[in-house]
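Note sheet for the following structure.
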Amino acid sequence: MRPSRRARILLLCCLTVALGWYGTETVRPPDCDVSVAAFTDGNGQPLPEDGEEVTWDELEERAYQEKVAAGHCEPPAARWRHWLS
């Protein structure tokens, strides 16, 4: 049983929107590696800094922003820009 013409057009529109959303999402450049080291508690979570709790994601983001500020990495860009390079 073949899908109707309307169903195929709807599927094509949904796929186009999904690909467009995926391609325009902002991401870091794939060639910029960031390493983070921190003292941890017994559960493997980083110890608080200046009395405030931090997560691994926050530490990684901070390290990435420092590399961008130093000129070692490109800032985040739309995913489709990385497809072209």
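Counting other Cβ atoms within 10 Å, keep those with at most 16, restrict to DSSP loop, and tell me which chymotrypsin sites (Phe, Trp or Tyr not before Pro) in the range 39-85 are left.
Filter output for the range 39-85: Phe39.
Would you check the accessible area of Asp31, probe 1.4 Å, heavy atoms only, in square angstrom rounded to 10?
Looks like 130 Å² after rounding.
If I model a spin label at Ser4 and Arg79 as a point 7 Å from the Cα along the Cα→Cβ vector, what separation in nanometres do I get?
Spacing of the two 7 Å Cα→Cβ label points: 3.2 nm.
Calculated FRET efficiency, Leu47 and Thr26, Cβ-Cβ r, R0 22 Å, to nearest 0.05?
It comes out at approximately 0.15.
Any cysteines in the chain with zero other Cys Cβ atoms under 4.7 Å from their Cβ? List them, or say none.
Isolated Cys, the chain: Cys13, Cys14.
Only Lys, Arg, Asp and Glu count, each charged at its Cβ (+1, +1, -1, -1), so figure out the dipole size of the range 1-74 about its Cα centre, rounded to 20 debye.
The calculated dipole for the range 1-74 is roughly 1340 debye.
Just to be sure I understand, if you calculate Cα extents along the principal axes in Å for this structure, which of (1) 35, 31, 26; (2) 43, 29, 20; (3) 62, 33, 18 do you get?
This structure yields the entry labelled (3).
Using DSSP to define loop residues, name the GluC sites (Glu not before Pro) in the range 49-80 whose beta-carbon has at most 10 other beta-carbon atoms within 10 Å.
Qualifying residues, ordered by number: Glu53.
How high is the FRET efficiency between Lys67 and Cys13 when r is their beta carbon distance and R₀ equals 41 Å, given to the nearest 0.05?
Taking R0 as 41 Å, the efficiency between Lys67 and Cys13 is 0.55.
Sum -39500 (n - 2.57) across every DSSP H segment of at least 4 residues in the chain, then divide by the residue count to get the 222 nm mean residue ellipticity, nearest 500.
Taken over the chain, the calculation gives -15000 deg cm²/dmol.
The values are calculated or read from the model by the stated rules, or taken from the named source; none is laboratory data. Everything numeric in this text was worked out from a predicted model, so none of it was measured. Cβ sites come from the backbone with ideal geometry, for glycine too, and all protein chains shown count toward neighbours. Calculation scope for accessible area: heavy atoms of the full protein, side chains included, ligands and nucleic acids excluded. Shrake-Rupley method; radii C 1.70, N 1.55, O 1.52, S 1.80 Å.
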